[in-house]
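Remarks on the structure that follows.
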Amino acid sequence: MSDLEALAPRVIARCREAGVRLVLAEACTGGLIAAALTDVPGASAVVERGYVPYSNESKGEQLGVPLALLQAHGSVSAEAAGAMAAGALER
């Protein structure tokens, strides 16, 4: 069992206890986190949706991340991750 598979049930349980729902915005992981979380029984009570925009163009199309931001800071930067998270929450 991988660390991610072991951690996923704990994440689902904590979110359920806190009464929060998850929206995921993944790129480099290719949806791996969403797959691990949704493999947990009862995850639908916590996981709302997930986005997996891998290319820079899809980050803009799906989440509204400005291409200029990605070009200035890189697609694997804190700025890109923040813009992806904001875009996912807005949608």
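The values are calculated or read from the model by the stated rules, or taken from the named source; none is laboratory data. Predicted model only: the values in this text are computed from it and were never measured. Heads up, the Cβs are rebuilt from the backbone with ideal geometry, glycines too, and the neighbour counts pull from every protein chain shown. Note: accessible area is taken over every heavy atom of the protein model, side chains too, but ligands, DNA and RNA are not part of it. Shrake-Rupley method; radii C 1.70, N 1.55, O 1.52, S 1.80 Å.
Summary table
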{"quantity": "Modelled FRET efficiency - R0 22 Å, residue 2 with residue 54, Cβ distances, 0.05 increments", "calculated": "0.55"}
{"quantity": "Solvent accessible area, Å² - residue 76, 1.4 Å probe, full protein context", "calculated": "120 Å²"}
{"quantity": "Residue-wise HN-Hα coupling along region 64-71, computed from phi with Karplus coefficients 6.51, -1.76, 1.60 (Hz; x: Gly, Pro)", "calculated": "x, 6, x, 4, 4, 5, 5, 5"}
{"quantity": "Volume per residue of the C-alpha convex hull in the chain, rounded to whole Å³", "calculated": "93 Å³"}
{"quantity": "Residue with peak Gaussian network fluctuation, the chain [Cα springs, cutoff 10 Å], from 19, 64, 74", "calculated": "19"}
{"quantity": "List 38, 29, ordered by accessible area with a 1.4 Å probe, largest first", "calculated": "38, 29"}
{"quantity": "FRET efficiency estimate (nearest 0.05) - Cβ-Cβ, residue 76 to residue 45, R0 25 angstrom", "calculated": "0.20"}
